[in-house]
Structure formats: structure tokens, C-alpha cells
Amino acid sequence: MSFQFKTKQNIYTVGRAKVGGQPGELPTFLIGSIFWLGQKMVSDANKGIFDAKAAEDIINTMQTQSDITGVQFAFDIVGTTDIAFEKYIDFVAKHSDAPLMLDAMSPKTRMIAAQLAKKMGLADRCLYNSVYKGVTEAELANLKDSGVKMSIVLADDPKDTTLEGKMKVIQEALALAEKGGITKPLIDTAIPAFQPDMGTAVRTIPIMKEKYGHPVGLGSGNVVTTMGWVKANVAKEFRPGCRTATNAIMQVAGANWLMIGPAEQAEWIFPAVAVTDSYIASAAGDLGTRPVDDTHPIYKMFM
């Protein structure tokens, strides 16, 4: 890992959170999913019917872990319909002041979610998932109109998953994001489910940070969960250790943000991420870098 990049490293604000910067300046920004498909507390994903108490418990646990560790976070709100999205966004926004990521498989549903954020006056608290090669002009126009300024921008070309392919496609994706009014891009190096070439996405992290200066990260939440060897050989109660290792690898490679999967994992993910952030901040301190805020995990642990 390079503990200091030559290129200016941008820090972007979304809601009350900050993401980006040189290693050691800010803790890793974590994005945890809520209302994801298959989550037990959601009884009807199309109508947005869910157990409010369970959802509030998850939200409160995320906030408590953030308060304890200093790690900042956002909620990845996963919706399948406009009805569900409106309920989900409204509920989370009323129970937390954390940033909200608008996430849906369907472009049409993402577009609706962006307009809902605008209607609710929440655009400055939201980030979009995502802008990528192949996104339509209609979706970009809708995104620009919504006023959402932060988005995940995918370095993903299914036909070329090499480092060179990722570096080429991100140029196009960043240009599309700018067209959609995105001024705070979060580059996603697009790690695949557990495969022999997964390391390419990790190796790409510091290279893209050096080239562009934007915050860089990826979705670490689905990497270990798809690993057949882990499923066959590691009991469920011990698998968090494998996931913790995955997150730490990304952090040490220079990741500014991580999509960690289900938000209910907060109680073990936040502390592990905070410990790794503290090591990084200590190492970067030798080079003269200091945390931006006194809430950084290193201060939580040593003051």
C-alpha cells in the first residue's frame, strides 16, 4: 500500500458524513444495506411492508457502533417499487440523519427513487447506485434533475475485467456521471464474486486513487458469502472472521469506502474496520498526515 498519494485526494461531503482523502485523514466510509431482498423483517417487498421495530433496531445499532468507533456510514436502501421506496426512504430519514444510498436493480425504480429524494428535500443526503457504462440518457437526465450530487461510478466492463479494461471504462463512466450532474463520484473498482481474478479490483484501488483523486472503494459484502470453500469448511459463527479479513485487505489497499452487505452486521464490522483505520492512521502519521476530525477511530482508542 502507498500511505500517501502524490495526487490531491478529494474529500466529499454527503449529509453529515465525509468520504475520501489521503490514508489516515478519514475513517473508512461504510455503506450497509437495509430492506434488502430476502431480509426477514420485510414481509412484502413490493408494498414496502416491514417490521418497524426490527428496522429501528438495525438503524440504532449502526449509529451506536459509529458513535463508539468513529467510523462514518450510510444506509443502502434497497427497493423494488416506488411504493416501497417511498416508505423506506421516509422511515430511515426520520430515524437517522445518516446519508442514504438509493439502490435498485431496475433503472426505472432508481429514477423514481431519485425523484422521491428530491420531493422529500433529501437530495443532499443521498448517493446514487450507480452510474456505469451503458446507463441511458434518460436516467442521466433524471439524475441531474434530482439534485443528487454523489454516486457510485462503476469501473466495470464485463468484456474486459483486466486492470487496463477497468482503467479504460472508468473514463467513460466518469464522463457519464458528470453529465448526470454528479460532482462527487465514488469510484467502484467492481470486484466480482469470489473468483481467481478478484485481486485485479483490489490492485486497481491505489492506481485509480493516484490517477483521479476521487474516493475509491468497492462492494466487499458479497465476496466471502459466495465463496464455496468457506461455506463448506467454515461454520457460520466463524465466517465473520473471513469477511473481516476481506475488508481489511481493501482498506490497506487504499479503499475510502466499502459496501459491507447487510447493516445488521454492524456490531462486528465497525470495530474491525476501526482497528484497521487506526493502524493506517498511525502509519500515515509517520509521513505527516493527520486525521481531519478528532472523532477518527485512532483518537477513540488512544485518548
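The values are calculated or read from the model by the stated rules, or taken from the named source; none is laboratory data. Quantities reported herein were computed from a predicted structural model and do not represent experimental measurements. Cβ placement follows ideal geometry from the backbone for every residue including glycine, while neighbour counts extend to all protein chains displayed.
Annotations for the structure displayed:
- Just one of the listed residues (Ala284, Ala266) is at pLDDT 95 or above and closer than 18 Å to Val19 by Cα, namely Ala284.
- Unmet requirement for Asp156, which otherwise passes all of (1) surrounded by fewer than 24 Cβ atoms within 10 Å (Cβ to Cβ); (2) acidic (Asp, Glu); (3) in contact with a strand residue (DSSP E or B) (Cβ under 7 Å, 6 or more places away or on another chain): (3)
- If you go through segment 207-260 and keep only what is charged (D, E, K, R) and closer than 16 Å to Leu30 by Cα, you end up with just Arg243.
- The requirement of being assigned to a helix (DSSP H, G or I) and surrounded by 18 or more Cβ atoms within 10 Å (Cβ to Cβ) is not satisfied by Ile182.
- Test: residue in segment 265-280 that is among the hydroxyl-bearing types (Ser, Thr, Tyr) and farther than 24 Å from Asp67 by Cα: no
- Some residue of segment 166-178 being in contact with a Gly (Cβ under 7 Å, 6 or more places away or on another chain) and assigned to a helix (DSSP H, G or I): no
- Reported count of residues in segment 93-147, each being closer than 23 Å to Leu37 by Cβ, assigned to a loop (DSSP other than H, G, I, E, B) and touching a residue at least 60 places away in the same chain (Cβ under 8 Å), is 2.
- Residue match in segment 18-33 (condition: surrounded by fewer than 19 Cβ atoms within 10 Å (Cβ to Cβ) and in a loop (DSSP other than H, G, I, E, B)): no
- Candidates Val275, Val223, Val230, Val292 - the one that is among the aliphatic types (A, V, I, L, M) and within 16 Å of the chain's Cα centre (by Cα): Val223
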